[in-house]
1. Can you name the residue in segment 41-55 that is within 16 Å of the chain's Cα centre (by Cα) and not charged (D, E, K, R) and, of all such residues, is modelled with the lowest pLDDT?
2. Search segment 86-99 for residues that are closer than 15 Å to Arg133 by Cβ and in a helix (DSSP H, G or I) and pair each with any residue that is at pLDDT 65 or above and β-branched (Val, Ile, Thr) when their beta-carbon atoms are under 6 Å apart and the residues are at least 6 apart or on different chains.
3. How about segment 137-154: which of its residues are part of a helix (DSSP H, G or I) and open to solvent by less than 10 Å² (accessible area, probe 1.4 Å)?
4. Take the residues in segment 169-180 that are open to solvent by less than 50 Å² (accessible area, probe 1.4 Å) and not in a strand (DSSP E or B); name whichever of them is nearest to Met149 (Cα to Cα).
5. From the residues in segment 9-28 that are at pLDDT 95 or above and not in a loop (DSSP other than H, G, I, E, B), which one is farthest from Glu193 (Cα to Cα)?
6. Taking segment 63-104 as the region of interest, how many residues are at pLDDT below 85 and open to solvent by 20 Å² or more (accessible area, probe 1.4 Å)?
7. Select from segment 138-168 the residues that are more than 21 Å from Lys184 (Cα to Cα) and either in contact with an Asp or Glu (Cβ under 7 Å, 6 or more places away or on another chain) or in contact (Cβ under 8 Å) with a residue 60 or more places away in the chain (or both) and list them in ascending order.
8. Please verify whether Leu117 is over 21 Å from Asn195 (Cα atoms) and either outside any loop (DSSP other than H, G, I, E, B) or not charged (D, E, K, R) (or both), treating the condition exactly as stated.
Amino acid sequence: MVIKTATFVCSNTQVSALPPPTLPEYAFIGRSNVGKSSLINMLVNQHGLAKTSQRPGKTQLINHFLVNEAWYIVDLPGYGYAKVSKTSREKWEKFIRAYLTKRESLQCVFVLIDSRLEPQQIDIEFCYWLGERQIPFSLIFTKADKQGMTTTQKNVAGFKRKLGEFFEEIPATFITSAEKAVGKDEVLNFISEVNKDFVVPTDYKRF
């Protein structure tokens, strides 16, 4: 897939205010500071499309970006950042859950995992949550340039083993580096293939 255009469309905290679900969309989510914004920018060849920050937890909205006038990247707030208030965290979690469970045009959730780390329980639990609700997801291991491939492969294998305790089949897995554009073609080709089967919902409802 060749990326020709990528534009910011809107930010929301309400599922009812999102664009009509007439194009396929792909949500990106992970623990705060996993490198989500950098990955999105790398995929679409735009350094500043998704805003990066040194302050974890900065993304607090559902952000839609239209790619090639044909599909959406959806940047979701990170999870697991302890320095936000309990009220704020519960509010974010509520609208994230509403989006993930009600959005008709959502084709896949890309769960971002820091490849430098051994399996983290919060990531495992989020994948379990998606699986219980039969929400399709794939794994993107980020920051693969920060350590040797042996460490990356060890951590990826360990995460897959953990998922294997719950899932009969492990979802598609991608190893990426935003800095070196590793995994870019693989992720975009995956999206391109899924897009081929997208059918516009004929009876979608506004929530």
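1. Selected residue: Thr52.
2. Note: pairs meeting the criteria are Ala98/Val15; Tyr99/Val15; Tyr99/Ile62.
3. Thr152
4. Among residues in segment 169-180 that are open to solvent by less than 50 Å² (accessible area, probe 1.4 Å) and not in a strand (DSSP E or B), the one nearest to Met149 (Cα to Cα) is Thr176.
5. Phe28
6. 16
7. Gly158, the sole residue that qualifies.
8. Criteria met by Leu117.
The values are calculated or read from the model by the stated rules, or taken from the named source; none is laboratory data. What you see is a predicted model, and the numbers here were worked out from it, not measured in a lab. Heads up, the Cβs are rebuilt from the backbone with ideal geometry, glycines too, and the neighbour counts pull from every protein chain shown. Accessible surface areas use protein heavy atoms only, side chains included; no ligands, DNA or RNA. Shrake-Rupley method; radii C 1.70, N 1.55, O 1.52, S 1.80 Å.
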